[in-house]
Amino acid sequence: VEAGGVSPLHEDRYFDPDPIVRRHARALYDETRALPIISPHGHVDPAILASDEAFKDPASLIITPDHYILRMLYSQGVPLEWLGVVPIDGKPPNAEPNPRRIWQTFVDHWQFFRGTPTRAWFEYVLHEVFGVQSELDSASAPLVYDAIAEKLLSPEFRPRALFKRFKIEVLATTDAASDTLEHHKALRTVELGGRVIPTFRPDALFRISSPEWSAELSRFERVSGGTIGSYAELMRAVARRRADFKAMGATATDHAVVVPHTERLDEREAERLFAKAGERAAKVEDQARFEAHLLMEMARMSVDDGLVMQLHTGALRDHNELVHRRFGSDRGGDIPVATEFTRNLRPLLNAYGNDARFRIIVFTLDESTYSRELAPLAGHYPAMLLGAPWWFNDSIEGMTRFRRQTTETAAIQNTAGFTDDTRAFCSIPARHDLARRVYANYLAGLVARHVIDMTDASEMARALAYDLAKRAYRLT
Amino acid sequence: VEAGGVSPLHEDRYFDPDPIVRRHARALYDETRALPIISPHGHVDPAILASDEAFKDPASLIITPDHYILRMLYSQGVPLEWLGVVPIDGKPPNAEPNPRRIWQTFVDHWQFFRGTPTRAWFEYVLHEVFGVQSELDSASAPLVYDAIAEKLLSPEFRPRALFKRFKIEVLATTDAASDTLEHHKALRTVELGGRVIPTFRPDALFRISSPEWSAELSRFERVSGGTIGSYAELMRAVARRRADFKAMGATATDHAVVVPHTERLDEREAERLFAKAGERAAKVEDQARFEAHLLMEMARMSVDDGLVMQLHTGALRDHNELVHRRFGSDRGGDIPVATEFTRNLRPLLNAYGNDARFRIIVFTLDESTYSRELAPLAGHYPAMLLGAPWWFNDSIEGMTRFRRQTTETAAIQNTAGFTDDTRAFCSIPARHDLARRVYANYLAGLVARHVIDMTDASEMARALAYDLAKRAYRLT
Amino acid sequence: VEAGGVSPLHEDRYFDPDPIVRRHARALYDETRALPIISPHGHVDPAILASDEAFKDPASLIITPDHYILRMLYSQGVPLEWLGVVPIDGKPPNAEPNPRRIWQTFVDHWQFFRGTPTRAWFEYVLHEVFGVQSELDSASAPLVYDAIAEKLLSPEFRPRALFKRFKIEVLATTDAASDTLEHHKALRTVELGGRVIPTFRPDALFRISSPEWSAELSRFERVSGGTIGSYAELMRAVARRRADFKAMGATATDHAVVVPHTERLDEREAERLFAKAGERAAKVEDQARFEAHLLMEMARMSVDDGLVMQLHTGALRDHNELVHRRFGSDRGGDIPVATEFTRNLRPLLNAYGNDARFRIIVFTLDESTYSRELAPLAGHYPAMLLGAPWWFNDSIEGMTRFRRQTTETAAIQNTAGFTDDTRAFCSIPARHDLARRVYANYLAGLVARHVIDMTDASEMARALAYDLAKRAYRLT
């Protein structure tokens, strides 16, 4: 995706210094660096590509929407308003959103990102996507801003042009069950050199103790055609809606829960909980049971319609209530919790895990479960794959730990390859490049220790960069 | 154990590529590679050695009994019948057990084992035990099968001949409390160049809520001489039976529990639970309390008779009910759970952990307990040792993590060395060779960083390969 | 801190052997090795410096008080009396405390410390602090003893002289709320080339179910001026006492809990619990709720007075009751437990975590929380820092794991640098030297992989060795 010019990024970055490992890593990376991008899970707004409008400015493009950046600067005492985040609590912000000032504030704290993946991704975006040749520091910040701002005005930096340059073969977005999918509809007829497809994420519909549940149900009723007065009707509408998503290209669903408990309720109990929700009387415990049951139901429907089921577990959302009230969700205040899979997933895996039509991809934020629970489960059940190292663990050390702790038990074939999971469109190639480097280096280490040979490594590198994600998400 | 011929295995496999580390690793491995094998815990069937019959065929020898192979292929959609596993549920199998076809099926999936210890062990068995010189792939599979099949007919590949060639000094099997020990009896008079000894494993006798409990009690009554009508009688019979095992050479007992809870009940309560079991009315909670009490009792008896107590914790057996119903246990469907030791073992360690006559070796599948709980416990209590990295963690990365996470707190002396824990007789030398290489490499890394010197490393390498296991299991 | 003479310690110890990493590590270590020592948390007895008496003998100086040494030798069957620990249970000891014999016993078990930080620190003390040039073994033990004993008689080895030679800029002790601070008072007027300051640790005052609570309350009443008859009076006295500590130079408080639960009680409930304690009727659960509330209160007071709040969590003290009864606390029998932070700290962080006046430094013994809970929390809340790897994890591998598992999410700026946490005065420079080496090596690895450059690494090395601790503990 190079924009031309001389990049200050080191060609061998993230490779071990040992000359044998480095030589192998370089060779393996060279074989995978130019492969098309499969991005089967992420949060890019499809409106960006549907409208193809020029991006507004460098700050709103790459600073303000990035919760990794927000959290780090907030931890260092920088108010979120200084980074362009708009308060939603009605109280006046303590700064005007000025893109140049936001950019400068960020760059003035650049040093705090040393050793973080945010910095690695950001440098790639600067130097490889935007062709910036100078190093970033407080003095160069305004010039770099200008250079990027100028690029954003040119047709080569419009979203669709970048989509092609990034060589994206598939980009899956994540969409509420109540989403109209209008942008996906619009994109069906656009020649992008690759697909943009939705992912069915019905979480909000199942959070029956949430104050926002009724509004979500109303939205869902609007798109799914008609009043939903019972649990049975909800299930029928969900099944129809899954078919709509599938018709629009979706190959997967996505489900986020704090605790991955799974348990089938009887129909009457499910109806009772739905009725309680309708009366706005559902408690947190009611929701927990409803969600546990709905995971079973989503698995059952996946057996029928073939949509791959993704499970993202263990993030306690909006831990910081002050930040949540003032700025809303996704501002960097989500914190992981310890997660149990062996007992929690047992009912679901016993019901559907032996069925070749079913596929479930499980993501965790709790690394202690890699070798203890998830690799053994994925290394046994035909239907289960282990999702890529996620979020905080989508990093050089995090991906390395993941492979070291899962390959010996689950092999790479029981994992789902790489997913970038980003909402920052321009960082997509940055994240894939980092992953391809890290995996090349991991495999090079195995070759150097004679655990595998270069023929093995070559196929595995390609699998990790491309094949596994495509197969896991049924994108062929 | 080389069978002659040129092995395609790299002489420096599993060693770091850094030239200093590699040089030290090679030197340390050379000092330990030819040491006799101490195998103080495993699941080899003593009948193999007692009968000394030729092994039947390559598939039933090294494919069908290996639950690591079964789980991996099953996860990739291969039916267990294709691997020779016989259904026990009365329904017809979906494949005839044909050893050549089983072998070919396995080899056709050989690539899935890249980077797994199964592959490393298997390659050793092929090339070092059976002297196969060609690489294994789908095309060579029939030839390799023939080569091994031919070897199996020759006297040099009979079990006892292999036992001698493997240089096994001690091989401990694992035997139910109700086992007649007839094969061990027979082996007492056979010259093997080493000992085969039993290990007392009474678990089934303590699982009072299991439907199989009565049958096990009956079997136990038969071997222990008389009806057992009370808890007190059970305890007396267990003590006598331990003496029988000891007379047959046993130096250890083995106990598997999911949760290592320990708690002494009063005699009346223990009698009440036993009576409840007799009426087939014992619940899961009753069994949990009975087992917690029995661990205390087994420790008490170990103080008396000197048998080393092994505790294997944290495996949820038969997670996959479909596989369990159709094929029985040990088919690759056991999954670890998070395990707590600090509070659970406290009663037992307070009662017996300061007693020099007592020794308990604790195994875990939960790596998060290495540095947090087990190394601190083993690094304090005189009676406790930390068992070798077990099962899923008995691997290159797993053993390396184990030593890195335990040595600084517990030192190697508070660990029990290496145990191969295998039911695959031919893989015994493969597993010891892998461990000796990995530990040589671990120590070489310490020498290269000047944490220890080569004199230290040399003694430690020998300890890890031989001395520690011998001392831990009182095999001198 | 070299005492002169040729040390047998390798100049490049603890550095990776890779020549590129080693070159960078050496350079980074050279930049930090001579920096002054900031020791913001530890357990040195201030009386040592206040009296400046010569240390008595090598055994009572560096063997008997070291619980790392006690635990290791105890685990190998050495009675604690042989190491000079005096029984407190009235029963006669099984050995006379003879410093030469203690020393010899220790050295005879020297091999058990291979690969442990104890050995690394001890060797530094021997060779760098005391200038011993011969290697330590059973034969040389008496000579080494004599050499150290002789040194101890000379003025250069008096505590204050060593304090200067160690280049200690700040040494914080840990002091009960009821401590008279007389030694700190005395030290205020002594020219040491650095400060000795107290830390306010009120734990004993909040353990309302402990049999020792009344005695502690009485002691506290004596120093805080007057009878405390209510919870409200206790809080007022605590606030006054914090001010006393602050006047004596304190910049921090310290709080040890097994479970870091935080929860505000209403005033009436807190009074009820205090009254129950007064009647010696408070239960373990009462104490848990009282402590959870008191953590909230300590945070509130920190907002007011600016004292940095330290939280040490997850150590189950005196696990071994026999050792505890016979020899008291801090003899090596404390064992970590799994610890939950995300939910437990939420009330406290929501109440105070966004407040720039507040600072909380959290320590854990549960490494599984590094990447899962603590780095995400510290990488978000402005008030929270992650404390140095603690106790069992204050080691070469432990510190390396800590940085690898936290830097990518929290960056080094959200950690509190290094704290030696030692009660062994002479080991202070040993621990800082080890940490500076390990961190230089960690950063060198990042440079060698082109994650950061040498300019970054240089600033980070200094931050980890000096700046971060100073800033974290408000020592400027």
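Things worth noting here:
- Check on C:Lys167, over 20 Å from C:His293 (Cα atoms) and within 19 Å of the chain's Cα centre (by Cα): yes
- Inclusion of A:Asp394 among residues that are open to solvent by 10 Å² or more (accessible area, probe 1.4 Å), within 14 Å of chain C (Cβ to nearest Cβ) and not aromatic (Phe, Trp, Tyr) is not warranted.
- Lone qualifier among C:Asp305, C:Asp366, C:Asp355 - being modelled with pLDDT of 95 or more, in contact with a Lys or Arg (Cβ under 6 Å, 6 or more places away or on another chain) and either within 13 Å of chain A (Cβ to nearest Cβ) or under 30 Å from C:Asn94 (Cβ atoms) (or both): C:Asp366
- Test: residue in region A:416-427 that is within 14 Å of chain C (Cβ to nearest Cβ) and surrounded by fewer than 24 Cβ atoms within 10 Å (Cβ to Cβ): no
- For A:Glu321, the stated conditions do not hold, so it cannot be described as under 20 Å from B:Leu365 (Cβ atoms), among the acidic types (Asp, Glu) and at the interface with another protein chain (Cβ under 7 Å from one of its Cβ atoms).
- Within region B:375-386, the set of residues being in a loop (DSSP other than H, G, I, E, B), open to solvent by less than 10 Å² (accessible area, probe 1.4 Å) and of a type outside the set (A, V, I, L, M, F, W, C) comprises B:Gly379, B:His380, B:Tyr381.
- Among the conditions (1) assigned to a loop (DSSP other than H, G, I, E, B); (2) more than 14 Å from every other protein chain (Cβ to nearest Cβ), the only one that C:Ile148 does not satisfy is (1).
- Listed here are the helices (runs of 4 or more DSSP H) enclosed by region C:186-253 that have at least 3 residues being under 22 Å from C:Arg357 (Cα atoms): C:231-247.
- For region C:45-67, the condition holds for at least one residue, the condition being that it is within 28 Å of B:Ala375 (Cα to Cα) and within 14 Å of chain B (Cβ to nearest Cβ).
- Flag for A:Val323 being within 20 Å of C:His380 (Cβ to Cβ) and either among the small types (Gly, Ala, Ser) or touching a residue at least 24 places away in the same chain (Cβ under 8 Å) (or both): yes
- Restricting region A:200-214 to residues that are without any contact (Cβ under 8 Å) to a residue 60 or more places away in the chain and of a type in the set (D, E, K, R), the residue that is least open to solvent (accessible area, probe 1.4 Å): A:Asp203
- Helices (runs of 4 or more DSSP H) completely within region C:394-476 that count 3 or more residues being among the polar types (S, T, N, Q): C:396-410
- Top-ranked residue of region A:397-411 - restricted to ones that are more than 7 Å from every other protein chain (Cβ to nearest Cβ) and among the hydrophobic types (A, V, I, L, M, F, W, C), ranked as surrounded by the fewest Cβ atoms within 10 Å (Cβ to Cβ): A:Met399
- Residues located in region A:16-26, provided they are over 18 Å from A:Ser458 (Cα atoms) and either open to solvent by less than 10 Å² (accessible area, probe 1.4 Å) or within 20 Å of the chain's Cα centre (by Cα) (or both): none
- Qualifying residue in region A:407-424 (condition: on the phi < 0 side of the Ramachandran plot, among the aliphatic types (A, V, I, L, M) and free of Cβ contacts under 8 Å to residues at least 40 places away in the same chain): yes
- For B:Pro389, the stated conditions do not hold, so it cannot be described as out of contact with any helix residue (DSSP H, G or I) (no Cβ under 6 Å at 6 or more places or on another chain) and open to solvent by less than 10 Å² (accessible area, probe 1.4 Å).
- First in region C:6-19 and without any contact (Cβ under 8 Å) to a residue 12 or more places away in the chain, second anywhere and assigned to a loop (DSSP other than H, G, I, E, B), Cβ under 7 Å, 6 or more apart: C:His10/B:His450; C:Pro17/B:Asp18; C:Pro17/B:Arg449
- Taken over region A:100-135, the criterion of being more than 10 Å from chain C (Cβ to nearest Cβ), part of a loop (DSSP other than H, G, I, E, B) and out of contact with any helix residue (DSSP H, G or I) (no Cβ under 6 Å at 6 or more places or on another chain) is satisfied by A:Gly131, A:Gln133, A:Ser134.
- Residue-level check: of (1) in contact with a Ser or Thr (Cβ under 7 Å, 6 or more places away or on another chain); (2) surrounded by fewer than 19 Cβ atoms within 10 Å (Cβ to Cβ), B:Lys246 misses just (1).
- Criterion applied to B:Phe122, B:Phe166 was being open to solvent by 10 Å² or more (accessible area, probe 1.4 Å), touching a residue at least 60 places away in the same chain (Cβ under 8 Å) and among the hydrophobic types (A, V, I, L, M, F, W, C), and the one residue passing it is B:Phe122.
- Qualifying residue in region B:318-331 (condition: out of contact with any helix residue (DSSP H, G or I) (no Cβ under 7 Å at 6 or more places or on another chain) and on the phi > 0 side of the Ramachandran plot): yes
- If you check A:Ser395, A:Ser427 for being among the hydroxyl-bearing types (Ser, Thr, Tyr), touching a helix residue (DSSP H, G or I) at 6+ places or on another chain (Cβ under 6 Å) and over 28 Å from C:Thr400 (Cβ atoms), only one passes: A:Ser427.
- Filter result (aliphatic (A, V, I, L, M) and surrounded by fewer than 19 Cβ atoms within 10 Å (Cβ to Cβ)) within region A:230-243: A:Ala232, A:Met235, A:Ala239, A:Ala243
- Failed item, numbered, when A:Leu434 is tested on (1) within 14 Å of chain B (Cβ to nearest Cβ); (2) surrounded by fewer than 24 Cβ atoms within 10 Å (Cβ to Cβ): (1)
The values are calculated or read from the model by the stated rules, or taken from the named source; none is laboratory data. These figures come from a predicted structure and were not determined experimentally. Please note: Cβ atoms are built from the backbone with ideal geometry, for glycine as well, and neighbour counts cover all protein chains shown. In case anyone asks, the SASA skips ligands and DNA or RNA and just uses the protein heavy atoms, side chains included. Shrake-Rupley method; radii C 1.70, N 1.55, O 1.52, S 1.80 Å.
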